[in-house]
Amino acid sequence: MNHESGSAILRVGFEHVIEHFRGGRLIEVETVYNLVPTEGLNHILNVALRANSPTANWYVALFEGNYTPVAGLTAATFPAAATECTAYDEANRVLWVPAAASGGIVTNSASKAVFTMNATKTVYGIVMSSLLTKGGTTGALVSAARFASAKSVYDDDLLQVTSSITMTSS
């Protein structure tokens with residue numbers, strides 16, 4: 001797409017900070033940036049500019065497949081393509097609870113998404129979905145991020161996720 005001189009470009013960026021705790025001790029912190037799949041871009045545009053119904057809640061989910069997210073990833077294909085990890089105590093995907101947007105950023109830093117692992121697994125990444133059901137295939141997928149290094153987790157390990165979404169115009 002060609003942009004005329006002086007035209008604005010809107011950028012959407014997701015940053016996820018993953019804190020890994022074992023035995024109450026912080027053992028690793030990693031910051032990752034993600035892909036906004038086409039399904040997520042279309043959802044954002046349709047809600048903001050076409051008056052489609054907004055999503056009431058967003059949920060964070062883990063994946064355990066050695067998978068690299070692609071633009072065509074959708075809520076329908078995610079559980080099988082990335083092998084959704086459901087080995088955590090929480091009954092559903094974990095609710096993302098953001099504060100009000102300010103300065104073009106919305107974040108859940110005051111209410112992190114926490115996963116209490118209940119099995120030995122290797123976790124490769126996270127997504128944000130509009131569906132709370134573990135393994136569910138409806139709704140919209142707005143974010144997918146692969147960790148720089150896989151996380152080896154054990155029963156009772158905690159993964160805390162802070163997700164910040166930034167929109168800028170330049």
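Of everything in the stretch 37-63, what is hydrophobic (A, V, I, L, M, F, W, C) and within 30 Å of Asn118 (Cβ to Cβ)? Give them in sequence order.
Passing the criteria: Ala56, Trp58, Val60, Ala61, Leu62, Phe63.
Filtered by the rule that a residue be outside any strand (DSSP E or B) and either of a type in the set (A, V, I, L, M) or loosely packed, with under 13 Cβ neighbours inside 10 Å (or both), the stretch 21-48 gives Gly23, Gly24, Val36, Leu41, Ile44, Leu45, Val47, Ala48. Going residue by residue through the stretch 126-135, is there one that turns out to be touching a Pro at 6+ places or on another chain (Cβ under 9 Å), surrounded by fewer than 23 Cβ atoms within 10 Å (Cβ to Cβ) and either on the phi < 0 side of the Ramachandran plot or aromatic (Phe, Trp, Tyr) (or both)? The answer is yes, given that some residue of the stretch 126-135 is touching a Pro at 6+ places or on another chain (Cβ under 9 Å), surrounded by fewer than 23 Cβ atoms within 10 Å (Cβ to Cβ) and either on the phi < 0 side of the Ramachandran plot or aromatic (Phe, Trp, Tyr) (or both). Hey, does the stretch 88-98 have a residue that's in contact with a Gly (Cβ under 8 Å, 6 or more places away or on another chain), surrounded by fewer than 17 Cβ atoms within 10 Å (Cβ to Cβ) and either among the hydroxyl-bearing types (Ser, Thr, Tyr) or under 21 Å from Ile18 (Cβ atoms) (or both)? No: zero hits. Within the stretch 49-64, identify whether any single residue is out of contact with any Pro (no Cβ under 9 Å at 6 or more places or on another chain), assigned to a helix (DSSP H, G or I) and exposed (fewer than 11 other Cβ atoms within 10 Å of the Cβ), and answer yes or no. Yes, the conditions are met somewhere in the stretch 49-64. Scanning the stretch 66-115 for residues that are of a type in the set (Ser, Thr, Tyr), farther than 21 Å from Lys134 by Cα and outside any strand (DSSP E or B) returns a single hit, Ser109.
Readers should treat all values here as calculations from the given coordinates under stated rules, not as data from a laboratory. In this text, all values refer to a predicted model and were calculated from it rather than measured experimentally. Here Cβ is always computed from backbone atoms with ideal geometry, including for glycine, and neighbour counts include all displayed protein chains.
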